[in-house]
Amino acid sequence: MNKMINITKEREGTFIHTLAKADKGDRLIYHVGQHCGGVHRRDAAEANERKLCMLFCRKIQDGTFAYLAVKR
């Protein structure tokens, strides 16, 4: 069973370490808001470019989205 790991309140630099410990298919919630942002945004983009994860967002309510990374 894949886990949902919320790191939205964690400090910068946590994304890479959490992704490394996660199992394939686990989902990291790295930001919640109207637009992609937060302290983990750049780490998530870099991990996506390196094919370590896939990024997507899920609508929570009107105008608010959860930004997620799924470990490959």
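Throughout, read-outs are computed from the coordinates displayed, never taken from laboratory work. Nothing here was measured: the structure is a model prediction, and the numbers come from that model. Virtual Cβ from ideal backbone geometry, glycine too; neighbours counted across all protein chains shown.
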Kirkwood Rh over alpha-carbon pairs of the chain plugged into Stokes-Einstein at 4 °C, 1.567 mPa s gives a D in µm²/s of 109
Cross-link partners of Lys24 among aspartates and glutamates (Cα-Cα below 20 Å; sequence separation of 8 or more within a chain)
Asp43, Glu46, Glu49
Separation of the Asp23 and Glu49 label points, Cα + 7 Å toward Cβ, nm
3.1
